[in-house]
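Each remark here refers to the structure printed beneath this line.
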Amino acid sequence: MSAGIVRPARPAERFAVLALCRDFHRASGIPFAFDPAHASIAAQRHIEDADKLCAVLEVDGALRGVLAAAAAISPLAPVHIAQELVFWIDPAHRGRSAMRMLEAYADWARDQGCE
């Protein structure tokens, strides 16, 4: 098994991203039901919108991790901040890949002008 690559998700991968988000939701114990239609729209926005990020971990041609985040003006101060929405890596693929995904997130946030 390769270490995989971290890269932006592609629009055609929305349903693979959605499956990872469903796995995140199931494992996290969030107290409300997963809504695939709503999550699909959110995934599409995170893939396509300039102020959002959808980074994926691809291992041997399959998506095994996702990190979705958004950049916005803080409600507390006039500064840009980034906020993670989903961070999930399939348990069999965890390890150093998590740090590479967080580094990609931090690089993206800096490029967005986040503090």
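The values are calculated or read from the model by the stated rules, or taken from the named source; none is laboratory data. Quick caveat, the model's predicted, so the values are computed rather than measured. Note: ideal-geometry Cβ built from the backbone for every residue, glycine included; neighbour counts use all protein chains shown. Areas reflect the complete protein model, heavy atoms only, side chains present, ligands, DNA and RNA absent. Shrake-Rupley method; radii C 1.70, N 1.55, O 1.52, S 1.80 Å.
With a simple spin-label model that places each label point 7 Å from the Cα along the Cα-to-Cβ direction, the separation between ASP51 and VAL79 comes to 1.8 nm. Each of ASP35 and ALA72 was given a label point 7 Å from its Cα along the Cα-to-Cβ line. The distance between the two points is 1.6 nm. Electrostatic tally near LEU20: other residues with Cβ closer than 12 Å to its Cβ, Lys and Arg +1, Asp and Glu -1, net 0.
Shape analysis of region 26-81 places it in the oblate category; the axes a ≥ b ≥ c from the Cα gyration tensor give an a/c of at least 1.5, with a/b not above b/c. For the chain, the solvent-accessible area works out to 60 Å² per residue, with a probe of 1.4 Å and every protein chain left in place. Divided by 2.2 N^0.38 Å, where N counts the residues, the Cα radius of gyration of region 1-40 comes to 1.38. Principal-axis analysis of the Cα atoms of the chain puts helix 14-28 at an angle of about 90° to the longest axis. Given axes a ≥ b ≥ c from the Cα gyration tensor, I'd like to know whether region 17-115 is rounded (a/c under 1.5), prolate (a/b larger than b/c) or oblate. The shape class here is oblate.
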